[in-house]
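Working notes, beginning with the structure itself.
Derivation of every value follows stated rules applied to the coordinates shown; laboratory data play no part. Not measured: the values here are computed from a predicted model. Every residue, glycine as well, gets a Cβ built from its backbone with ideal geometry; the counts of neighbours run over all protein chains shown.
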Amino acid sequence: MNTPPLQSKLPRVGTTIFTVMSTLAAEKNAVNLGQGFPDFNCDPHLIEVVTEAMKQGLNQYPPMTGVPALRDAIATKIEALHAHQYSAASEITITAGATQGIITIILAVVHAGDEVIELEPCYDSYVPNIELAGGVPVRVPLTPGTFRPDFDKIAAALTPKTRAIIINSPHNPSGTVWTADDMLRLQEILAPTNVLLISDEVYEHMVFDGQQHHSAARFPDLAARAFIVSSFGKTYHVTGWKVGYVAAPAALSAEFRKVHQFNVFTVNTPVQYGLAAYMADPKPYLELPAFYQRKRDLFREGLKRTRFKLLPCEGSYFQCVDISNVSDLGETEFCQWLTSEIGVAAIPLSAFYGNGFDQRVVRFCFAKKDETLNAALERLQSL
């Protein structure tokens, strides 16, 4: 018997750098600061309310769009934080994590030949999602070194074929946060167009030093064209639960839901009820900036005793460093060496660029227990 030959719709895609580095970290017994997930537990009360939902028999299919109580809680939160009212019934949809939300948006709105602007470096799912939809990725670089948006380049990339633009703030991998002026400039550029906005805001509650997260929801002309994506996994330290949401105007949500119902249909029922109950108290997400800023400061203070050059970290739970004073190796080779020889795993920033642009910068994740960070710092200080 012969297996028929097959070329998938993503023939050039291999194993992600995150899997490669995590596998190497496990093999070398290294401290894994590569992949972006916490190594500490969530609030025990969150486990309790999800467990209670299971015990109450809330274990069958929920509505396709999500449990009403959870959508209500999200609408209340967005209005309180960003002064924008979304209809819980028609404008908020619960998704199987932010990644599913993003690919569903793209599959719903991008037609063959449509162009989608993505700002590099970027989360690695964006381009494959565009390609799966038959779209054309248009890569616009953020400014090297600062990772600020270059609005002249963004404006120049807009064409009659542009269907959407994807932005991400706080930004993975750089930790940059867009300002209000940045959002207003984007609003100005998009105003004369019908270009849709996909705003990836999964790190929305991780903004430091008194800064504010400027959601697309805060800007009326952006909100009118925006799909806003967020993640309970990031906010509540439960990345493995894979629950997020998409907020968008009713007309956009209606088209989104047409695809959502066929690629996921719906999302884990007791977790949705548990999250709805847990969100009654805003304290956990309101205190998250201080929680992660303390970890950021601990990690940065330790890195100052190495030869790494620290780049700014305004938000997210990622810290980027310039390796120029440490090694002559390229980013990927350096990360492999660092994992194997020093015992700390990091991610090369070149993995977030379509052309593998190597600017001698690597990314660490500091969403870890203090003892994990201190163990990593002890090893890194040998540099």
If each of ASN2 and ASN374 carries a label point 7 Å out from its Cα toward its Cβ, how far apart are those two points in nm?
6.3 nm
Anisotropy class of the range 238-377 from Cα gyration tensor, a/c 1.5 cut
prolate
Value of [θ]222 nm, deg cm²/dmol, for the chain, DSSP H segments ≥ 4, -39500 (n - 2.57) each, nearest 500
-11500 deg cm²/dmol
Report the net charge of residues surrounding PHE18, where surrounding means a beta-carbon distance below 13 angstrom and charges are Lys +1, Arg +1, Asp -1, Glu -1.
0
Quick one: Debye curve from the alpha-carbon atoms of the range 75-133 only, equal weights, vacuum; give me log10 I(q)/I(0) at q = 0.31 Å⁻¹ to two decimals.
-1.19
Take the Cα radius of gyration of the range 301-383 and divide it by 2.2 N^0.38 Å, with N its residue count; two decimals is plenty.
1.03
Could you give the semi-axes, largest first, of the ellipsoid that matches the range 46-281, computed as the square roots of 5 times the alpha carbon gyration tensor eigenvalues and rounded to whole Å?
29, 20, 16
Considering only the range 46-281, what is the antiparallel percent among its DSSP beta bridges, to the nearest 5?
30 percent
Remind me, relative contact order of the range 46-281 in percent, using alpha carbon pairs under 8 angstrom and six or more residues apart?
32 percent
Nonlocal amide H pairs with LEU196, under 5 Å, H built at 1.01 Å
ALA164, ILE165
Quick calc, the chain, dipole around Cα centre from Cβ unit charges on Lys, Arg (+) and Asp, Glu (-), nearest 20 debye, gives 320 debye
State the extension gain, in nm to one decimal, for the chain segment bounded by ASP181 and PHE262, taking 0.36 nm per residue of separation less the distance between their alpha-carbons.
25.3 nm
Dipole of the chain, positive end: most advanced residue of VAL246, ASN41, GLN7 [Cβ charges, Cα centre]
GLN7
Listed by chain and number, the residues whose amide H is under 5 Å from that of ARG360, excluding neighbours fewer than 5 places away on the same chain and using placed H, are GLU331
